[in-house]
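Participant: Once you've had a glance at the structure underneath, I'll fire off some questions.
Where a number appears in this text, it was derived from the coordinates with a stated rule and is not lab data. Every value quoted in this text rests on a predicted model; they were computed, and no experiment measured them. Cβ sites come from the backbone with ideal geometry, for glycine too, and all protein chains shown count toward neighbours.
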Amino acid sequence: MTVAGDIPGGQAPSRAWLVPLAGRIEGLALPVAALLAGFLAFALFLLLLGKNPLEFYSLVYKAGFGTAFSWSNTLSRAAPLLLAALCVAIPARLGLVVIGGEGAIVLGGVMVGALAVPLAGWPAFIAMPVLALMAALVGGIWIGAVGAMRQWRGVNETIASLLMAYIAIALMNHLVEGPFRDPASLNKPSTAPIAEAFRVGNLPGWNVHWGLAIAVLSCILAWILIERTTIGFAARIAGGNIRAAQVQGLPVGKLVIGFTALGGAFAGLAGYFEVSAVHGSANASLAAGYGYTGILIAFLARHNPLAIIPVALLLAGFEASSGLVQRRMDLPDATMIVLQGFVFVAILASETFTGRLDLVGWLTKGERS
């Protein structure tokens, strides 16, 4: 009689299909457990502050998901978060940890604010795609440079992308307060308002701009690229074992630069929507922290572009509730950042269990002979 121990890895042939199933269960269970652990740890933190955790989470639900207005606010915030998370998730398929998407967002927004003035006389159906393309191009070049430094000079991409984010924010401040500043913007230096014809409108029947639909579509296309194309397959091989990829003749250098540039392009596109659909001009409000929240979303989604969609909605709801929580519970405006910190630490801790849970053995318990 054949027993599980006769097969490498202890799997009976009739139960081999459980291996991918166990991987999917683990991929879902670990992030959910980390999320709940982060929420629990933050609840204990609130108790130490003398605050009621149940009241906090009740207010979060009410402000983020409780009404139609809450959903509109949440969905509007989700659009840049989706694109910012892709800036982390796409290079991660190559084993790269890129955390500087904030820089690509602000520079993409500045490009839109700067170009909208000279393009003011253009037809909207031409000018708007040009502005979106240029924002994506700037973001792609900025983050693609991180990949180039990693490939050609061996510079750590995590440190390089973070430092470049700070440089991008400083560059934005210089440009909107100097060369590109609208003289009419007194208290808050900004570029000149973009033409009304260039403003991105709302989805039909929704109080949410088109950026949400484009961001969701971007996540779907990114998933297809990674999971259903030869380029994505090559990237997964390079991310798993770069030496094996080089031995097989895969263009590792082009993949590194290309995937980082693609991630940056999505982040730059987020900057386009922030200017054309939300702010109407480029200013310091572009540095809203979406790029940093995108890091948490990508890790919580385990760098799966499709999983990014529900995770981004959850985090967007938390950010949308920040004001109400601050007013009702007398908490500082950094409260949501602290919560995100608890969740991120829990996610990092959960990674130690990856591949160590014998789910196949648990699923086949009692069936071995």
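Participant: Per residue of the range 128-139, in order, report the coupling 6.51 cos²θ - 1.76 cosθ + 1.60 (Karplus, θ = phi - 60°) as ³J(HN,Hα) in whole Hz, putting x for Gly and Pro.
Facilitator: Once rounded to whole Hz, the list reads 5, x, 5, 5, 5, 5, 5, 5, 5, 5, 4, x.
Participant: Let me know the charge dipole size of the chain about its Cα centre in debye, to the nearest 20, where only the beta-carbon of Lys, Arg (+1) and Asp, Glu (-1) is charged. Working shown, then result.
Facilitator: On the way: 21 positive and 16 negative charges, 103 e Å.
Computed charge dipole of the chain: roughly 500 debye.
Participant: Determine which residues of the range 269-287 fall in the zone a paramagnetic label at N202 would reach in this model, i.e. backbone nitrogen under 13 Å from the point 7 Å along Cα→Cβ.
Facilitator: none
Participant: Separate question: Could you derive backbone 3J(HN,Hα) for the range 220-234 from the dihedral phi with the Karplus parameters 6.51, -1.76 and 1.60 (θ = phi - 60°), listing whole Hz in sequence and x where the residue is Gly or Pro?
Facilitator: Rounded to whole hertz, the list is 5, 5, 5, 5, 4, 4, 6, 9, 10, 10, 5, 5, x, 5, 4.
Participant: Each label point is 7 Å from the Cα along the Cα-to-Cβ direction; what then is the distance between the points at I337 and E177, in nm?
Facilitator: Each label point lies 7 Å from its Cα, and together they span 1.8 nm.
Participant: Along the charge dipole of the chain, which of V117, G100, G289 sits closest to the positive end, that is, farthest toward it, with unit charges on the beta carbon of Lys, Arg, Asp and Glu (+1, +1, -1, -1)?
Facilitator: G100
Participant: Please state the shape class of the range 27-352: rounded when a/c is under 1.5, otherwise prolate if a/b exceeds b/c and oblate if not, all from the C-alpha gyration tensor. Each step should come with its number before you reach the end.
Facilitator: Working: a/c = 1.63, a/b = 1.02, b/c = 1.60.
Note, shape of the range 27-352 comes out oblate.
Participant: Please give the length that would be gained between A184 and S285 if that part of the chain were fully extended, namely 0.36 nm times their separation in residues minus their C-alpha to C-alpha distance (nm, one decimal).
Facilitator: Numbers: separation 101, 0.36 × 101 = 36.36 nm, distance 1.71 nm.
Extra length from A184 to S285 when fully extended: 34.6 nm.
Participant: Ok, one more. Can you bin the range 143-233 into rounded, prolate or oblate? Criterion: square roots of the alpha carbon gyration tensor eigenvalues sorted a ≥ b ≥ c, rounded for a/c under 1.5, prolate for a/b above b/c, oblate for the rest. Working shown, then result.
Facilitator: Working: a/c = 3.52, a/b = 1.17, b/c = 3.01.
Oblate is the answer for the range 143-233, as a/c is 1.5 or above yet b/c matches or exceeds a/b.
Participant: Once you have the Cα-Cα distance between T158 and A68, take 0.36 nm times their residue separation minus that, and quote the gain in nm to one decimal. The partial results should precede the final answer.
Facilitator: Working: separation 90, 0.36 × 90 = 32.40 nm, distance 3.87 nm.
Extra length available between T158 and A68 comes to 28.5 nm.
Participant: Which length gain, in nm to one decimal place, applies between F125 and Q248 when the Cα-Cα distance is subtracted from 0.36 nm times their residue separation?
Facilitator: Values: separation 123, 0.36 × 123 = 44.28 nm, distance 4.50 nm.
Between F125 and Q248, full extension yields 39.8 nm more.
Participant: Now, a different point. Among 296-306, 336-346, 149-159, how do they line up by average Cβ neighbours within 10 Å per residue, starting with the highest? Provide the component values of the computation, followed by the final result.
Facilitator: Working: 296-306: 23.1, 336-346: 18.5, 149-159: 14.8.
Averaged packing, sorted descending, gives the order 296-306, 336-346, 149-159.
Participant: In sequence order, what are the phi-derived ³J(HN,Hα) couplings for the range 210-215 according to the Karplus relation 6.51 cos²θ - 1.76 cosθ + 1.60 with θ = phi - 60°, rounded to whole Hz, with x for glycine and proline?
Facilitator: 5, x, 5, 4, 5, 5
Participant: Then there is this: Find the relative contact order for the range 27-352 and round it to a whole percent, using C-alpha pairs within less than 8 Å whose residues are 6+ positions apart. Please report the intermediate quantities before stating the final value.
Facilitator: Numbers: 575 pairs, mean separation 123.1, N = 326.
This gives 38 percent for the range 27-352.
Participant: Using 7 Å Cα-to-Cβ label points, what is the R236/L324 separation (nm, one decimal)?
Facilitator: Between R236 and L324, the simple spin-label model gives 4.0 nm.
Participant: Can you compute the helix-only [θ] at 222 nm over the chain? Use -39500 (n - 2.57) per DSSP H run of at least 4 residues, normalise by all residues, nearest 500 deg cm²/dmol. Don't skip to the end; give the middle numbers.
Facilitator: Working: 15 runs with 248 residues, N = 369.
Per the formula, -22500 deg cm²/dmol.
Participant: Moving on to the next point. Let me have the relative contact order for the range 232-322, percent, based on Cα pairs under 8 Å that are six or more residues apart.
Facilitator: Working: 33 pairs, mean separation 11.0, N = 91.
After rounding, I find 12 percent.
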